[in-house]
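S.K.: Here's a structure for you.
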Amino acid sequence: MTAPLLDVADLKVRFGSGARARMVVDGVGFTLGRERLGVVGGSGSGKSLTARAILGLLPPQAAMSAARLVFAGEDLLRADERTRHRLRGRRMALVPQDAKFSLNPLMRIGAQIVETCRAHRPAGRREARDKALALLEAVRLREPQRVFDLYPHEMSGGMAQRAMIAMMLAPDPELLIADEPTSALDASVQAEVMAVLDEQVSRRGMGVIFISHDLDLVAGFCDRVLVMAAGRIVESCAAGALANPQHPATRALLAAHLPAVPA
C-alpha cells in the first residue's frame, strides 16, 4: 500500500497559555495522496490555521502540537527550521488569498519568479528566465514577456493571482496549498483562475489542499472534502456527496450559497 503524501493526526493549534489559552484547531486529522482535498468552513473555523501549521507558518504567539505530522516520509514534528525551510517552497507551496498583497511591490513579476526558481533549484539566470516565461504562458497570461516586466501594481487581481500560481509552481512542488485563492475575484476571473489551477494540477499530478468557504467551488474542483467548524473536522465526504450534507455546519454553508427564493 502506497504511503500517503501527507499524514496528519490530532493536530492542535492554540493561542495563549494556561486558563486564557484558546484552542483554534482541535484534534484535526487526515491523510492526503496525490489528489485534491477541499477544506471548507466559515470564518474562524480553523481551516487556514490548519494549513499554516502544516507549513510551519504560524504566528509567534501560536503553539502547535500533533500526534503525527509527516510529509513524504519527513517527520515535520522533529524537523528543524532549516529542514522546514528546505521543504517549504521547494516541495510544499502556498498560494495565498490575495496575491497583490503577497508579491513584492518593488520587484518586477519576472524577477520574483526567477528568484524563486534559483532559490529552490540549481539554475543559471538564463535558464531560470526561460522557465519563468514558460510558467507565465502556462498559467494563460497573454504576452508573457510583457507580464514578465510588470510590477504587481500594474496587474489586475486575476493576473496577479495567476502570476502567484506560476511562482509557486516554479520549484515543481509535490504539495500545493491554495488558501481561498479566488475569494477576492469576480466570478468570471475566478473561473479563469480555477481553470488554470485545474490544468496545472492535472498535468503535474500534485497533492492539493484547496481551502474555501464556497462549497460549489470545492465540489467542482476537489475529489474529497473536509468540513471544519470551531476548529474541528465535523464532516468528511466525497465531493459529490456535498449536495446531501449530514452535519448542520455543512448544511449552513450550503444554504449560504443557494440563490434566494423570490417572495
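The values are calculated or read from the model by the stated rules, or taken from the named source; none is laboratory data. Keep in mind it's a predicted model, so treat the numbers as computed, not measured. A quick note on method: Cβ atoms are made from the backbone with ideal geometry, for glycine too, and the neighbour counts reach across all protein chains shown.
S.K.: Could you pull out the residue among Leu169, Leu150, Leu133 that is under 19 Å from Ser202 (Cβ atoms) and either touching a Ser or Thr at 6+ places or on another chain (Cβ under 9 Å) or among the aliphatic types (A, V, I, L, M) (or both)?
M.R.: After applying the criteria, what remains is Leu169.
S.K.: Something else now. Considering only residues that are of a type in the set (Lys, Arg) and farther than 16 Å from Pro144 by Cβ, look in the range 87-128 and name the one that is modelled with the lowest pLDDT.
M.R.: Among those residues, the one meeting the criterion is Arg121.
S.K.: In addition: So which pairs qualify, if the first residue must be in the range 127-140 and within 22 Å of Gln161 (Cβ to Cβ) and among the β-branched types (Val, Ile, Thr), the second must be crowded, with 18+ Cβ neighbours inside 10 Å and modelled with pLDDT under 95, the Cβ gap must be under 6 Å, and the two must be at least 6 apart or on different chains?
M.R.: Pairs that qualify, where the first residue is within 22 Å of Gln161 (Cβ to Cβ) and among the β-branched types (Val, Ile, Thr) and the partner is crowded, with 18+ Cβ neighbours inside 10 Å and modelled with pLDDT under 95, are Val139/Arg162; Val139/Ile165; Val139/Ala166; Val139/Val196.
S.K.: Hey, does the range 178-198 have a residue that's in contact (Cβ under 8 Å) with a residue 40 or more places away in the chain, in contact with a helix residue (DSSP H, G or I) (Cβ under 6 Å, 6 or more places away or on another chain) and closer than 18 Å to Leu6 by Cβ?
M.R.: yes
S.K.: Being in a helix (DSSP H, G or I) and surrounded by fewer than 24 Cβ atoms within 10 Å (Cβ to Cβ) is the filter here; which residues of the range 170-193 pass it?
M.R.: The answer is Ala187, Ser188, Val189, Gln190, Ala191, Glu192.
S.K.: How do the pairs read when you match residues in the range 16-31 that are at pLDDT 95 or above with residues anywhere that are β-branched (Val, Ile, Thr) and assigned to a helix (DSSP H, G or I), using Cβ under 7 Å and keeping only pairs 6 or more apart or on different chains?
M.R.: If the second residue must be β-branched (Val, Ile, Thr) and assigned to a helix (DSSP H, G or I), the pairs left are Val25/Thr50; Val28/Thr50.
S.K.: Here's something else I'd like to know. Which residue, of Val139, Val147, is buried (at least 19 other Cβ atoms within 10 Å of the Cβ), of a type in the set (A, V, I, L, M), farther than 26 Å from Arg52 by Cα and touching a helix residue (DSSP H, G or I) at 6+ places or on another chain (Cβ under 6 Å)?
M.R.: Testing whether each residue is buried (at least 19 other Cβ atoms within 10 Å of the Cβ), of a type in the set (A, V, I, L, M), farther than 26 Å from Arg52 by Cα and touching a helix residue (DSSP H, G or I) at 6+ places or on another chain (Cβ under 6 Å) leaves just Val147.
S.K.: From Leu69, Leu87, Leu37, which residue is buried (at least 17 other Cβ atoms within 10 Å of the Cβ) and over 22 Å from Leu226 (Cβ atoms)?
M.R.: Leu87
S.K.: Then there's this: From Leu242, Leu175, grab the single residue that is at pLDDT below 90 and in contact with a helix residue (DSSP H, G or I) (Cβ under 9 Å, 6 or more places away or on another chain).
M.R.: Residue meeting the stated conditions: Leu242.
S.K.: If you go through the range 1-14, how many residues are at pLDDT 95 or above and not charged (D, E, K, R)?
M.R.: Matching residues across the range 1-14 total 6.
S.K.: Any chance you could count how many residues in the range 147-163 are under 16 Å from Leu133 (Cβ atoms), among the aliphatic types (A, V, I, L, M) and assigned to a helix (DSSP H, G or I)?
M.R.: Number of matching residues: 3.
S.K.: Another one. I'd like to know if the range 203-214 contains one or more residues that are surrounded by fewer than 17 Cβ atoms within 10 Å (Cβ to Cβ), over 23 Å from Leu106 (Cα atoms) and small (Gly, Ala, Ser).
M.R.: Within the range 203-214, one or more residues are surrounded by fewer than 17 Cβ atoms within 10 Å (Cβ to Cβ), over 23 Å from Leu106 (Cα atoms) and small (Gly, Ala, Ser).
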